[in-house]
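The values are calculated or read from the model by the stated rules, or taken from the named source; none is laboratory data. Because the structure is predicted, anything quoted here is derived from the model rather than measured. FYI the Cβ positions are ideal-geometry reconstructions off the backbone, even for glycines, and counts take in every protein chain you see.
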Amino acid sequence: MLKETPLIEEHRRLGAKFMSFHGWKLPLEFSSATAEHLNVRNNAGLFDVSHLGEIRVQGKNTLSLLEKCLTNNVSTLKENQVQYHLLCNEQGGIIDDLILYCLKPNEDYLLCVNASRLKEDFNWLYQSSNDNISLQDESAKWAQLALQGPKALSLMTEVLGHSSSLDIKKNHFQWVSFSGECILVSATGYTGEKGFEVLISNKKASELWRAILEKGKTRGCLPVGLAARDTLRIEMKYPLYGKDLNKNIDPYSAGLSWAVKNQNNFIGSDALSKIKKSIKKKWVGFKLLRPSGVPRQGHRIFIDGSFRGEVTSGAKSPILNQMIGLGYVPIEYAFPTQRIQVEIHQNLIPAEIVATPFIKKYIDLV
């Protein structure tokens, strides 16, 4: 049986179409994926991302554990700051990508992980920890909402009852009062738009969901499903674990070297030092030069008549009105204007590698 989020009845009430996603029953779309996508870019969109996992790490040796397992520089994090991280294996392959919340430096952190990787992430951390660390799966405790778009700030400010603009810097969070409890409001997202991700108790999630949509009517705020969430992140070239990232992909090939700043001897660091000196392939963006289906994960990429790589993600961009995709090719071909061919339905479709993100006026991943 599929798991359901605390907001399942809200989605049913709004007439959502559902899909199965890594064991969860989640809304695919409420109206149409294209309309929802464009509304996020122009107004504001509300997402239910309660399927994401949360792992709490506490104790006097917490910092040493995180520095042993994570790739970014945990020691630089101050209270109420957020940081993007990778969890790697000994070979430098990516186990997961995640968001780290610093609740108290050196002692208390919350990891937001992909739903498909929760069990493996938890076990990996547990096996690397010691008796002075408390490791708890808090996924059942939290619901998570994301409000994204150019009108997200004014809307969230009104919903939370602030007299002045909600002042949260990018990659920071605040504990804010809502309906008698403290909720975590983070200036982060997965769309390229300014906005917020909110951690709230299950019992208050529906109340916040309804409040945002009710007060958002005058700002054009609409609910958004997974289909638009996917096209939004593809336009920004944000990776999705299981498609663009996996255990056989390293951070350097994936263009995530900026998230490898840990100067300690973390798990995978020796392998990554060697990989960095001889990167074989690179994750790139491309556009089809004529419309002929959607590039999908596993579609083969040909260069000069030879099979040279694979597509990892693809979609029709609602902003560009063009078929775009992401994939890995040998590094010697990984530059804009390089012509390629993508095999779609047994036909080789001409395409061109382009600079990314595809939508350049929006913001970077955390």
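From the list ARG233, ARG290, which one is at pLDDT below 95, closer than 24 Å to ILE319 by Cβ and either among the charged types (D, E, K, R) or outside the structural domain of ALA44 (by TED's automatic domain parsing) (or both)? Explain how you work it out, then say what you get.
Numbers: ARG233 fails: at pLDDT below 95.
Testing whether each residue is at pLDDT below 95, closer than 24 Å to ILE319 by Cβ and either among the charged types (D, E, K, R) or outside the structural domain of ALA44 (by TED's automatic domain parsing) (or both) leaves just ARG290.
Identify, from the list LEU100, LEU118, the residue that is more than 23 Å from ASN73 (Cβ to Cβ), in contact with a strand residue (DSSP E or B) (Cβ under 6 Å, 6 or more places away or on another chain) and not charged (D, E, K, R). Please lay out each step first, then the result.
Numbers: LEU100 fails: more than 23 Å from ASN73 (Cβ to Cβ).
From the options LEU100, LEU118, the qualifying one is LEU118.
Could you give every pair whose Cβ atoms fall below 7 Å, whose first residue belongs to the range 87-107 and is in contact (Cβ under 8 Å) with a residue 12 or more places away in the chain and within 24 Å of ASP244 (Cα to Cα), and whose second residue is assigned to a loop (DSSP other than H, G, I, E, B) and of a type in the set (Lys, Arg), counting only separations of at least 6 or pairs across chains?
Here the result reads ASN89/LYS247; GLY93/LYS247; ILE94/LYS247; ILE95/LYS247, each pair linking the range 87-107 to a residue that is assigned to a loop (DSSP other than H, G, I, E, B) and of a type in the set (Lys, Arg).
Within the range 244-265, is even one residue of a type in the set (Asp, Glu) and assigned to a loop (DSSP other than H, G, I, E, B)? First the steps, then the outcome.
So in the range 244-265, the residues of a type in the set (Asp, Glu) come out as 244, 250.
Now narrow it down to the ones that are assigned to a loop (DSSP other than H, G, I, E, B): 244, 250.
Checked the range 244-265: at least one residue is of a type in the set (Asp, Glu) and assigned to a loop (DSSP other than H, G, I, E, B).
Counting only residues that are assigned to a helix (DSSP H, G or I) and in contact (Cβ under 8 Å) with a residue 60 or more places away in the chain, which one in the range 1-22 is surrounded by the most Cβ atoms within 10 Å (Cβ to Cβ)? Explain how you work it out, then say what you get.
Narrowing the range 1-22 to residues assigned to a helix (DSSP H, G or I): 8-13.
Keeping just the survivors that are in contact (Cβ under 8 Å) with a residue 60 or more places away in the chain gives 9-11.
Values: GLU9: 11, GLU10: 19, HIS11: 21.
Checking each candidate, the answer is HIS11.
Assess whether LYS217 counts as being modelled with pLDDT of 95 or more, surrounded by fewer than 21 Cβ atoms within 10 Å (Cβ to Cβ) and not hydrophobic (A, V, I, L, M, F, W, C). It would help to see each step written out before you state the result.
Values: modelled with pLDDT of 95 or more: yes; surrounded by fewer than 21 Cβ atoms within 10 Å (Cβ to Cβ): yes; not hydrophobic (A, V, I, L, M, F, W, C): yes.
Taking the combined requirement at face value, the residue satisfies it.
Looking only at strands (runs of 3 or more DSSP E) that lie completely in the range 36-135, which have at least 1 residues being out of contact with any Asp or Glu (no Cβ under 6 Å at 6 or more places or on another chain), outside the structural domain of LYS170 (by TED's automatic domain parsing) and over 25 Å from HIS22 (Cβ atoms)?
Numbers: elements: 44-48, 53-58, 82-88, 94-104, 108-113.
Hits in the range 36-135: 94-104, 108-113.
Say we look at the range 13-72 and pick out the residues that are aromatic (Phe, Trp, Tyr) and in contact with a strand residue (DSSP E or B) (Cβ under 8 Å, 6 or more places away or on another chain); which of these is farthest from TYR241 (Cα to Cα)?
If we filter the range 13-72 for residues that are aromatic (Phe, Trp, Tyr), which is where we start, we get 18, 21, 24, 30, 47.
Next cut, in contact with a strand residue (DSSP E or B) (Cβ under 8 Å, 6 or more places away or on another chain) only: 18, 24, 30, 47.
Values: PHE18: 21, TRP24: 16, PHE30: 24, PHE47: 19 Å.
Of everything passing the filter in the range 13-72, PHE30 is farthest from TYR241 (Cα to Cα).
Which number in (1) surrounded by 23 or more Cβ atoms within 10 Å (Cβ to Cβ); (2) within 13 Å of the chain's Cα centre (by Cα) marks the one condition that ASP250 misses?
Evaluating ASP250 over (1) surrounded by 23 or more Cβ atoms within 10 Å (Cβ to Cβ); (2) within 13 Å of the chain's Cα centre (by Cα) leaves (2) as the failure.
Given the condition in contact with a Lys or Arg (Cβ under 8 Å, 6 or more places away or on another chain), in a loop (DSSP other than H, G, I, E, B) and not assigned by TED's automatic domain parsing to the domain that holds VAL82, answer yes or no: does some residue in the range 293-302 qualify?
If we filter the range 293-302 for residues that are in contact with a Lys or Arg (Cβ under 8 Å, 6 or more places away or on another chain), which is where we start, we get 294, 297, 301-302.
Now restrict to residues that are in a loop (DSSP other than H, G, I, E, B): 294, 297.
When the remaining residues are screened for being not assigned by TED's automatic domain parsing to the domain that holds VAL82, the result is 294, 297.
Yes: the range 293-302 contains one or more residues that are in contact with a Lys or Arg (Cβ under 8 Å, 6 or more places away or on another chain), in a loop (DSSP other than H, G, I, E, B) and not assigned by TED's automatic domain parsing to the domain that holds VAL82.
Taking the range 116-125 only, how many residues are more than 20 Å from the chain's Cα centre (by Cα) and either surrounded by 13 or more Cβ atoms within 10 Å (Cβ to Cβ) or at positive phi (or both)?
Keep residues of the range 116-125 that are more than 20 Å from the chain's Cα centre (by Cα), which gives 123-125.
Now drop any that are not either surrounded by 13 or more Cβ atoms within 10 Å (Cβ to Cβ) or at positive phi (or both), which leaves 124-125.
Of the residues in the range 116-125, 2 are more than 20 Å from the chain's Cα centre (by Cα) and either surrounded by 13 or more Cβ atoms within 10 Å (Cβ to Cβ) or at positive phi (or both).
Just wondering, is there one or more residues in the range 232-243 that are surrounded by fewer than 22 Cβ atoms within 10 Å (Cβ to Cβ), closer than 18 Å to THR5 by Cβ and of a type in the set (A, V, I, L, M, F, W, C)?
Checking the range 232-243: not a single residue is surrounded by fewer than 22 Cβ atoms within 10 Å (Cβ to Cβ), closer than 18 Å to THR5 by Cβ and of a type in the set (A, V, I, L, M, F, W, C).
Scan the range 252-290 for residues that are within 30 Å of ASN321 (Cα to Cα) and not small (Gly, Ala, Ser) and report the count. Don't jump to the end; show me each part of the working.
Here is the first cut: in the range 252-290, the residues within 30 Å of ASN321 (Cα to Cα) are 253-256, 281-290.
Retained after the next criterion (residues that are not small (Gly, Ala, Ser)): 256, 281-284, 286-290.
Of the residues in that region, 10 qualify.
Can you name every residue in the range 72-108 that is within 18 Å of ASP137 (Cβ to Cβ), over 20 Å from the mean Cα position of the chain (by Cα) and of a type outside the set (A, V, I, L, M)?
Of everything in the range 72-108, just one residue is within 18 Å of ASP137 (Cβ to Cβ), over 20 Å from the mean Cα position of the chain (by Cα) and of a type outside the set (A, V, I, L, M), namely ASP108.
Residue by residue, here is whether (1) closer than 19 Å to CYS112 by Cα; (2) charged (D, E, K, R); (3) part of a strand (DSSP E or B); (4) touching a residue at least 40 places away in the same chain (Cβ under 8 Å) holds:
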{"position": "LEU153", "(1), (2), (3), (4)": "no, no, no, yes"}
{"position": "SER165", "(1), (2), (3), (4)": "no, no, no, no"}
{"position": "ILE200", "(1), (2), (3), (4)": "yes, no, yes, yes"}
{"position": "PRO223", "(1), (2), (3), (4)": "no, no, yes, yes"}
{"position": "ALA228", "(1), (2), (3), (4)": "no, no, no, yes"}
{"position": "LEU232", "(1), (2), (3), (4)": "no, no, no, yes"}
